[in-house]
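Notes for the one structure printed next.
Just so it is clear, none of the values below were taken in a lab; they were calculated from the coordinates. The shown structure was predicted, so the numbers you read here are calculated from the model rather than taken from an experiment. Because the Cβ atoms are built from the backbone with ideal geometry, glycine has one as well, and the counts that use them run over all protein chains shown.
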Amino acid sequence: MTSALETPHHGVPRALDLCINRHPHPGPGGLSPADALWPHRLRRVLRAALAHWRLSDHGETAELLLTELVTNALRHSDGSSIGVRVCVRDDRLVIAVNDGSPGIPVLRPAGPDDESGRGLFLVEALAESWGASADGATTWCTLPLTEDKGPSDMEPAAVTAPVLREMPLELPADPSAVKVARVCGRTRLTMLDWPGNGHAAIAVLGALVDNAVAHGLTPGRTGQSLSARLGVTEDQEIVIDVTDPNPLFPNFTDAVDGTVGRGLWNARRHGARLTWFVASGFEGKTVRAIFRPGPAEL
């Protein structure tokens, strides 16, 4: 599976693009064991994205709509891949599934003993609207949105001012990346001339890289990469991005709250605002920390 979140250069992501490689069942309408795993995987990715966008209240319905559209595509197309796009457009969540098939999906009655065939009826019942592209390759639906309200002690880490200067930091894809980040990060901070607490910034950078090594790398897989980027905004905020190959982060909120692990929780204790998003170019995810100069609140 490859994925990307469309986002402004320095903003909060609001669109999720996915492409899944599949193994069609040789018989009509059936799912191979490999394909049968995709609906559950996609639900997890969508759940994480909606939590990041503060739209978790719509998760149950959105997950069901995505599941039905993807399952319908898996059952009725024989292509090698399926594209999925979920995006926020105005005050609507748009879910689109492209299976490359020219057939226009139609509602068909399902008998009381049928085990399948109700997918599009559920879409019809739950979605605000639904339809297909002119060539039949893409089926889409929309869901009206009202963003989650109420107080929150973990604000999204959106960059609120233009980034004036930034520097990349290449890292080895192994546990030594933490030490490299701490050593080389100090040099980058000096070159960026950030006026804040350098010790806190390096501690946060180390926590993000340690998290990436522990949860973003697949043991034994070759060709993986880790990278980091440090930037300073007009408001003198420091922006720390760490990118790893794993596009998933299902327990992000628990990690920041300290329920799972202590690395991101410690970064938060240094005053960092934390978020994550699927990296551009189908290259995993980025965990971002932003904080202003000033005394660390420990």
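Computed from the C-beta positions of Ser81 and Asn246 and an R0 of 30 Å, the FRET efficiency is 0.90 to the nearest 0.05. For region 180-238, the Kirkwood hydrodynamic radius from C-alpha pairs, put into Stokes-Einstein at 25 °C and a viscosity of 0.890 mPa s, yields a diffusion coefficient of 194 µm² per second.
Could you tell me the calculated FRET efficiency between Asn21 and Met191, based on Cβ-Cβ distance and R0 = 45 angstrom, to the nearest 0.05? Efficiency at R0 = 45 Å is approximately 0.60. Among 135-144, 83-92, the peptide with the highest mean count of other Cβ atoms within 10 Å heads the list, and the full ranking is 135-144, 83-92. Selection among Val256, Phe277, Ser176 by position relative to the dipole of region 173-298 gives Ser176 as farthest towards the positive end (Cβ unit charges, Cα centre).
Figure legend: label point modelled 7 angstrom from the Cα of Ala125 along Cα→Cβ; residues of region 69-87 with amide N under 18 Å from it are 69-72.
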